[in-house]
Amino acid sequence: MDRMKSFKDPNNLRRVVGRLTRYTIGVPIAIGVAMILLVVLAWALTPTRESQGHITEARGDLSNFAARLESHITTRLAIGQQIRSSLAKGDINGREEFLTQASYLYDLFKDFQAINWVDSMGVIRWVTPLKGNEAAVNLDIRKLATPAKAIAAAEKTGRLQITSPIELAQGGMGFTAYIPVIKLERLVGFVNIVFRSEPLIKGAMPNSLLKKYNVMIYDRDELLFGTLDPTTEWDSDTVFHKWIIVGNRVWAISLVPTAETLAAHQSMVDEIVLVTLILLSIAIAYLIHLAMVRQIHVKASDKLFRTFIENSPSAIIIKDTEGNYLHVNSQWHEWFNPEGREIRGHNTYEFFSEDYAQKVLEQEKEIIDSKKMVEREYVSPTNSIGDRPTFAQMFPIMDDEGNVIAVGGSITDISANKKAEEALREALMKAEDANLAKSKFLATMSHELRTPLNAIIGFSDILVGQYFGSLGNEKYSEYAKDINQSGRHLLTLINEVLDISAIELGKRDLILEPVSVRHLLADCVKSVRHRAATQGIMVQLFTESTLPEISADETAMRQIFLNLLTNAIKFSHAGDKITVSASVTETDVIIEVQDTGDGIKHDQLPNITQPFVKGHRSSDITHEGVGLGLSIVKSFVAAHHGQLHIESEFGTGTKVTVSFPKEARRQVA
């Protein structure tokens, strides 16, 4: 019990997770092995293509047969409707004319059992052909349970009614149709068409259907036609069903593939997919390994930073807005509080003289009022080294709404100014080296990741395109498409990382040439219009006919506009509109991309163009990308001596304005 409580303790759980992150090889291997086991298990439990390869063909055969049967019966019922129309109009009068017309139609379609006339009392009076249907003459329909219900429904609704499967008076299984004839708003009788199931249904079958399948047709739970014993148990995974509407009835058609049909479909695609998924699991485990290594580096950097603060040669302090201490580092204690007295909740007057404390409080008040950093020099009364000239840099600490919630600062002994300058120079060089190393690391790792990604994308392209033959099961195509799309998405992110790394390293030279902004915008809008349309988003382009060419790098300009359009689509929804416009002034060409999408919160706007900053921080809003698009746009715009301006209202939309001078100088991005 104590062990369970210990495991449920959040602090203990965090410690366990923290220990796991140290095993940058063991954990990814364990995850990779688990994923491979899951893939193999799923592959073993999933029906193979050998047993499912017939699905596409069977569905096509079933749809074809169902359509033919439905059309076949509809045509026969239309004949009854024609006879009813002739009777109602008076084109057919009396027994002889009815029998003549019915005989003519019977000769055209031999799969009728009979075409009869039923009087308004429900008694069959005239029968065509008489031979083989003698038992139906003068038969009172209303005394038969199933036909009586159908004829009553036809009389009530004035519409055609078909019975469920019945034993025909002439012998055999079939069904009948009753079409009411209304003359001068009075029911005068019914056109009765009798169908025998087997010849009617076989007449609608393609020639090869029964060679490949057993066919079962039900009207609800009643068997209408079947080539199998109704008591035979079917393998539900290999049976195909389709429903058709016949008059007022709904028939269920089932195709049961024969053993020969199932054996005719075999392939090695399942094994290829298994190998691909195993390789993908290995790749994912490797990516996890890289992520864990990077996380360790980040934690080490954070620890180094905290250690630096604690061991800083400057005294570092944080106070609340009332002037009470919240935190100080060890250097402050060494200089001003060697006794180690509690500082939280105490103010400057309790540690310094009144004059010195008053000057400090005035500086803090100025910081709170102006919300800006204030720098001043003091002669600080330290306990360890006496009065020393110090340089106090105090700054406001604000919340997301811009309110000052605390005051932070550092107090530096400037008596050793030369030494401090040297330390600062070294710290700056380390920071620059770290940033350069980061960019080189990102570029190198991105290049290394692109090689396996290109293989994944290439092989998945082959599977999606089915270059070596049909995959059979549609699920395999879906899985291959998912692999392809995920790979391309990851490759796009890597390319963005490479772009920003090249920009940071200063390796991107602009190749200036005359560029038609009008044509370039049209190409970019055309490139994204299909994606926008699939999401229900309208994209409009308005450009002035007098728009001049500008001297620019066409590739960089294209990336600027595509990034802005992609961002607009990403944060818009169905029904939103994106408007792209271009105009010209005396000195500049101005392009605006405006959307009616989500918009950006006001507090996020100042940092929105920084690398790895995304437009939403909410946990319930997830968009693709790592937050490099606007950073790349900003760098390329600046390289063209242009201006980038972003206006946004959260929940209303965003407008991005980019302006370029008509003449540009060559510059390294």
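The values are calculated or read from the model by the stated rules, or taken from the named source; none is laboratory data. It should be emphasised that the depicted structure is a prediction, and the values quoted were computed from it without experimental measurement. Methodologically, a virtual Cβ is constructed for each residue, glycine included, from the backbone with ideal geometry; neighbour enumeration extends over all protein chains shown. Side chains included, ligands, DNA and RNA excluded: accessible areas come from the protein's heavy atoms. Shrake-Rupley method; radii C 1.70, N 1.55, O 1.52, S 1.80 Å.
Counting only protein chain heavy atoms and rolling a 1.4 Å probe, the accessible areas of Asp400, Asp235 rank, largest first, as Asp400, Asp235. Charged neighbours of Thr321, selected by a Cβ distance under 10 Å, balance to -1 (K, R count +1; D, E count -1). Taking Cβ atoms as reference points and 13 Å as the exclusive limit, the residues near Thr654 contribute a net charge of -2, counting Lys and Arg as +1 and Asp and Glu as -1. Couplings for region 395-408, taken from phi via the Karplus curve 6.51 cos²θ - 1.76 cosθ + 1.60 with θ = phi - 60°, read 9, x, 10, 10, 8, 5, 8, x, 8, 6, 10, 6, 10, x Hz in order; Gly and Pro are left as x. Taking a ≥ b ≥ c as the square roots of the eigenvalues of the Cα gyration tensor, region 204-248 is oblate, since a/c reaches 1.5 or more and a/b is not larger than b/c.
Trp117 sits with roughly 30 Å² accessible to a 1.4 Å probe, with DNA, RNA and ligands left out of the calculation.
Cβ-Cβ distance of Met373 and Thr546, R₀ of 41 Å, FRET efficiency by 1/(1 + (r/R0)^6): the value works out to about 0.30. Here's how it looks for Trp126: its modeled amide H is under 5 Å from those of Trp117, which are all 5 or more places away or on a different chain.
Contour minus end-to-end for Asn454 and Arg341, with contour as 0.36 nm per residue of separation and end-to-end as the Cα-Cα distance?
Length gained, Asn454 through Arg341: 34.4 nm.
Checking the cross-link pairs Lys131/Lys211; Lys577/Lys634; Lys143/Lys242; Lys570/Lys634; Lys131/Lys156; Lys211/Lys242 against a 26 Å limit on the alpha carbon distance flags Lys131/Lys211; Lys143/Lys242; Lys131/Lys156 as lying beyond it.
Amide H contacts for Phe225 (H built 1.01 Å from N in the peptide plane; partners 5 or more residues away or on another chain; cut-off under 5 Å): Ile217.
Computed from label points 7 Å out along Cα-Cβ, the spacing between Ser527 and Ser63 is 3.6 nm. What the Cβ-Cβ distance of Gln358 and His333 gives, at R0 = 22 Å and to the nearest 0.05, is a FRET efficiency of 0.45.
Here the simple spin-label model places points 7 Å from the Cα toward Cβ, and for Lys303 and Ile284 these points are separated by 3.0 nm.
Placing dummy labels 7 Å off each Cα toward the beta-carbon, the span from Lys211 to Val275 is 3.6 nm.
Of the residues Ile590, Ile25, ranked by 1.4 Å probe accessible area with the largest first, the sequence reads Ile25, Ile590. Solvent exposure of Tyr104, expressed as accessible area, is near 130 Å², computed with a probe of 1.4 Å over the protein chains only. Give the residue from Ile115, Met216, Ala177 lying farthest towards the positive end of the charge dipole for region 108-238; charges sit on Cβ (+1 for Lys and Arg, -1 for Asp and Glu) and the dipole is referred to the Cα centre. Projecting each Cα onto the dipole axis, the largest value belongs to Ile115.
For Ala145 and Ala44, a Förster radius of 35 Å and the Cβ-Cβ distance give a FRET efficiency of 0.10, rounded to the nearest 0.05.
For Asp399 and Ile462, the difference between the fully extended length at 0.36 nm per residue and the C-alpha to C-alpha distance is 17.4 nm. Note on region 335-385: dipole from Cβ charges, positive end direction compared against Ser353, Asn383, Gly340; the farthest Cα belongs to Gly340.
Per-residue accessible area (protein heavy atoms, 1.4 Å probe) orders Phe109, Phe660 as Phe109, Phe660, starting from the largest.
Shown in residue order for region 66-78 are the 3J(HN,Hα) couplings computed by the Karplus curve 6.51 cos²θ - 1.76 cosθ + 1.60 at θ = phi - 60°: 4, 5, 5, 5, 4, 5, 4, 6, 4, 4, 5, 5, 4 Hz (x for Gly and Pro).
You can think of it this way: the chain between Ser415 and Asp237 has 55.4 nm of extra reach, that is 0.36 nm per residue less the Cα-Cα gap.
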